[in-house]
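Report on the structure given below.
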């Protein structure tokens with residue numbers, strides 16, 4: 001069943017439940033005067049185990065409420081977390097000086113609800129843990145993910161990692177320093193990236209990580225081959241120059257993992 | 001016709017006005033001649049020109065400085081620098097104008113120096129605060145919006161002014177701390193860095209399995225969503241105390257989430273320790289109960305009681 005699409009308001013039905021992985025996103029409609037109010041909340045996995053869902057009343061603070069005005073529908077779309085994501089590789093590896101390796105990393109996405117293109121709520125699809133990327137003086141607080149690094153230059157087969165909760169990132173890692181570097185953490189800034197793909201397999205633009213003596217620099221690495229039939233599911237939150245060079249450089253220039 | 005007559009009548013009255021003026025201040029007045037000489041005119045022109053050029057020059061410098069500080073400094077520090085540059089510029093204009101007017105500056109500066117010393121003594125505290133303000137701004141120990149602790153007084157930096165720093169405490173009071181006091185005090189900037197460690201000192205009873213306590217604490221940190229995975233939590237056995245074993249457990253949080261993390265971790269530790277049967281140690285005193293036993297007498301003492309030292313007992 002297709003999840004990432006535009007949905008009509010559940011006016012004449014009970015709470016609508018979207019199941020994504022082991023999470024459930026509940027959407028209901030409330031009336032305030034003659035206005036419709038969209039109410040949304042996420043249920044953790046333990047709350048979904050029972051056969052019958054026990055939801056709080058629509059006036060409870062657990063619900064995110066939004067006046068619909070004249071809007072008649074909402075969109076459920078994948079989205080990056082509102083903060084950078086630090087992906088800790090399950091098996092760190094060393095990169096020789098001057099060498100380049102291509103591969104894939106994966107990060108967890110959130111389920112966002114958009115009304116007229118504006119994001120009104122976003123729900124993590126797993127417990128959102130945090131970590132620090134960089135030094136304690138100048139690091140960045142990131143969403144924590146622990147995933148594998150797949151060293152493969154070929155386009156990702158759709159049968160692999162076909163999970164609605166993850167987005168795949170094709171990456172190129174280059175060691176521009178004179179010393180070997182250990183690649184253990186890779187930090188991506190989701191607001192610079194888009195999500196393209198289909199219902200099951202999603203991926204972002206290709207990313208280039210350059211390890212040098214001054215730190216790690218992340219930038220977009222041109223275009224990449226997309227699977228057939230893929231569509232743009234989420235656009236970058238920033239655009240233009242900021243998206244490509246300036247922001248990433250400013251953000252990561254003081255950090256080093258060498 | 002009547003209008004023409006009126007104009008003709010009015011004309012002699014207008015013409016007579018200058019003659020009256022020169023009757024009051026005649027052209028051959030000696031004072032006038034002394035005041036309005038060519039030299040005086042040149043001096044006045046020089047003063048006006050100096051003032052005009054001075055204002056233009058200082059204005060340009062201030063404009064450039066303002067642009068530079070806007071880009072490179074925070075608003076409060078930049079404003080202070082611009083203000084000081086303005087005062088210096090005005091002083092420069094004043095001195096240049098007086099010099100152009102031919103005023104003897106050495107005497108004036110001498111008088112100003114004496115006056116400066118007198119004012120300096122009178123306003124010693126204010127001057128000290130003012131100069132301390134420079135060091136505070138230049139050191140960049142904290143900035144507006146930071147949370148700082150000054151000798152036990154903590155709060156949000158409300159403003160950094162020329163004479164003082166104003167803090168808004170967490171119970172919403174405004175506290176003014178003179179800059180001089182800040183320079184002399186130990187200032188802790190709590191929100192300077194992005195992360196902050198929660199330090200938990202835990203005292204458990206001597207029958208506690210320390211390894212189990214360590215495992216429980218690490219599990220709690222791993223389960224707390226706001227606790228950072230990196231840097232990793234720190235566990236340490238601080239030592240053996242009178243009442244129990246002192247444990248130290250440090251968990252890192254984003255600075256702005258430290259408060260919530262503090263509450264969450266303390267609640268979680270109490271709940272989990274209760275479940276695990278790990279007891280917190282309270283101040284205790286161990287009292288051993290037993291029968292009083294008479295101390296054995298020393299052999300020397302018995303001999304002394306019997307007859308004194310052997311040396312004195314010889315035959």
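Using the Cα atoms of the stretch A:6-77, I'd like the radius of gyration and the largest Cα-Cα distance, Dmax, both in angstrom.
Cα-based Rg and Dmax for the stretch A:6-77 come out at 12.4, 36 Å.
What ranking do A:140, A:238 get, fewest neighbouring Cβ atoms within 10 angstrom at the top?
Sorted ascending by nearby Cβ count, the order is A:238, A:140.
What average count of beta carbons from other chains do you get within 10 Å of the Cβ of residues in A:124-137?
For this peptide, the per-residue mean of nearby foreign Cβ atoms is 4.
What percent do you get for the relative contact order of the stretch B:140-189 when only Cα pairs under 8 Å and 6+ apart count?
In percent, rounded to a whole number, it is 33.
Given a cut-off of under 8 Å on Cα pairs at least six residues apart, what relative contact order in percent is computed for the stretch B:38-122?
It rounds to 43 percent for the stretch B:38-122.
Please list log₁₀ I(q)/I(0) at q = 0.19, 0.24, 0.29 Å⁻¹ for the stretch B:82-135, using the Debye equation with identical point scatterers on the alpha-carbon positions.
-0.85, -1.02, -1.06
One-quarter of the Cα convex hull surface for the stretch B:195-276, in nm²?
Averaged projected area of the stretch B:195-276's Cα convex hull equals 5.0 nm².
Can you give the convex hull volume per residue for the Cα atoms of the stretch A:178-237, as a whole number of Å³?
In the stretch A:178-237, the Cα hull volume divided by residue count equals 109 Å³.
If neighbour count is taken as other Cβ atoms inside 10 Å, put A:68, A:41 in order from fewest to most.
A:68, A:41
Sorted by packing (mean other beta-carbon atoms within 10 Å per residue), highest first, where do A:80-90, B:37-47 land?
Result, highest mean first: A:80-90, B:37-47.
Using all C-alpha to C-alpha distances in the stretch B:38-122, build P(r) with 10 Å bins and read off the rounded percent in each one.
With a bin width of 10 Å, the distribution comes to 16, 32, 29, 19, 3, 0.
I need the P(r) histogram for the stretch B:146-302: all alpha carbon pairs, bin width 5 Å from 0 out to the longest distance, whole percents.
All Cα pairs, binned at 5 Å, distribute as 2, 8, 13, 13, 11, 10, 10, 9, 7, 5, 3, 2, 2, 2, 1, 1, 0, 0 percent.
Give the relative contact order (percent, whole number) for the stretch A:1-98; include only Cα pairs under 8 Å separated by 6+ residues.
28 percent
For the stretch B:140-189, what D do you get in µm² per second when you plug the Kirkwood radius from alpha-carbon pairs into Stokes-Einstein at 25 °C and 0.890 mPa s?
234 µm²/s
Starting from a Cα-only point model with no solvent, please compute log10 I(q)/I(0) by Debye for the stretch A:101-203 at q = 0.14, 0.18, 0.23 1/Å.
Values returned for q = 0.14, 0.18, 0.23 Å⁻¹ are -0.67, -1.05, -1.45.
Could you work out the percent of alpha carbon pairs in the stretch A:38-129 separated by over 14 Å, rounded to a whole number?
75 percent
At 7 Å along the Cα-to-beta-carbon direction for both residue A:5 and residue A:17, put a label point, then send me their distance in nm to one decimal.
2.1 nm
Values in this text are rule-based calculations from the coordinates and carry no lab data. All of these numbers come straight from a predicted model, not from anything done at the bench. Virtual Cβ from ideal backbone geometry, glycine too; neighbours counted across all protein chains shown.
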